[in-house]
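Some notes on the structure that comes next.
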Amino acid sequence: MNGPGPSAGRRRHRRPWASYTVVALGAALTVVPFLDMLLTSFKGPGTYGKLPYRFLPEAFDLSNYRAAITRLDLPLLFRNSVIATALITGSTLLTSALAGYALAKLRFPGRDLIFRLVLSTMMFPSFVFFIPHFLILVHWPGAGGNDLLGRGGAGLTVSLAALVIPFLVSGFGIFLMRQFMLAIPDEMLEAARIDGAGEFAVWWRIVLPQTKPVAVTLTLLTFVHAWNEYIWALLISTANPRLMTLPVGIQMLQSYLDPDRMVPVMMAGLVLSILPVLLLFVLLQKHYIRGVMLSGLK
């Protein structure tokens, strides 16, 4: 039986321009808003929003960046965002790797039920849990002036821990790690156990090194989510303005600025806020793409 001839290959590649056009349009839809934000951050007062719309600034003005830095307590906002994001990302990686290993490779009663409960947490938007989380933090025993019954004070809502505690564990992270670890051969783990390795040694020395691609993917996704968290940070900052993070501070610029300068200065603040995310993505891009392909997120 003859295989496909040269004509089949020509038919498959007859219109490559169609694929290139779709990819180019997708790239433009992604890049153009970012470029508009970057260029707007250099526009002078009163120039944004005028018709006809000018994509390029008349002159590159750095006063918007100076205004964003001076109007905001930038060191404080960066400190709060960096500490909260680092703790959330680190805790999510640790708990996801441990729970994912237990749900993928250990056999114990109720394992499937626990996994279904973990999956069920992904069915609800995160803001549904904000009120219960806030009440728990307000009535945290012995914190923020509370007695041992959690009464009389503000609890943990006035401390940096309030930005971190609701996000220490991620159902999505556990699911992602478990699905990746299921592909690791059980024979490899059994051989290590026969050689005398305990469960922690098996997890640390054999399983964890193989999860590097998916761990990088989870790191980036968690970092971006924690860095950009707005609603919960806004709720906590109402109790203590010293806990304000970058997204909340940039939004608050609206109340400090004249309408003519509001949008360019806010865009300058946004450019400053996304620099850490861009830097992290550039450093981990290769591992992130490999992790997406291996984990099935595509």
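The values are calculated or read from the model by the stated rules, or taken from the named source; none is laboratory data. Values in this document were obtained by computation on a predicted structure and should not be read as measured data. Here Cβ is always computed from backbone atoms with ideal geometry, including for glycine, and neighbour counts include all displayed protein chains.
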### Query
How do the helices (runs of 4 or more DSSP H) wholly within region 136-250 filter down when requiring 3 or more residues that are under 20 Å from the mean Cα position of the chain (by Cα), in contact (Cβ under 8 Å) with a residue 12 or more places away in the chain and more than 28 Å from Leu77 (Cα to Cα): which remain?
171-181, 212-228
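Among the residues of region 24-47, is there at least one that is at pLDDT 90 or above, assigned to a loop (DSSP other than H, G, I, E, B), among the small types (Gly, Ala, Ser) and surrounded by fewer than 14 Cβ atoms within 10 Å (Cβ to Cβ)?
no
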### Qualifying residue in region 68-83 (condition: touching a residue at least 40 places away in the same chain (Cβ under 8 Å), surrounded by fewer than 16 Cβ atoms within 10 Å (Cβ to Cβ) and assigned to a loop (DSSP other than H, G, I, E, B))
yes
### Summary
Scanning region 248-278 residue by residue, the ones that are under 15 Å from Tyr65 (Cβ atoms) and of a type in the set (S, T, N, Q) total 1
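Does Thr157 fit the bill of being surrounded by 13 or more Cβ atoms within 10 Å (Cβ to Cβ) and under 26 Å from Pro209 (Cβ atoms)?
no
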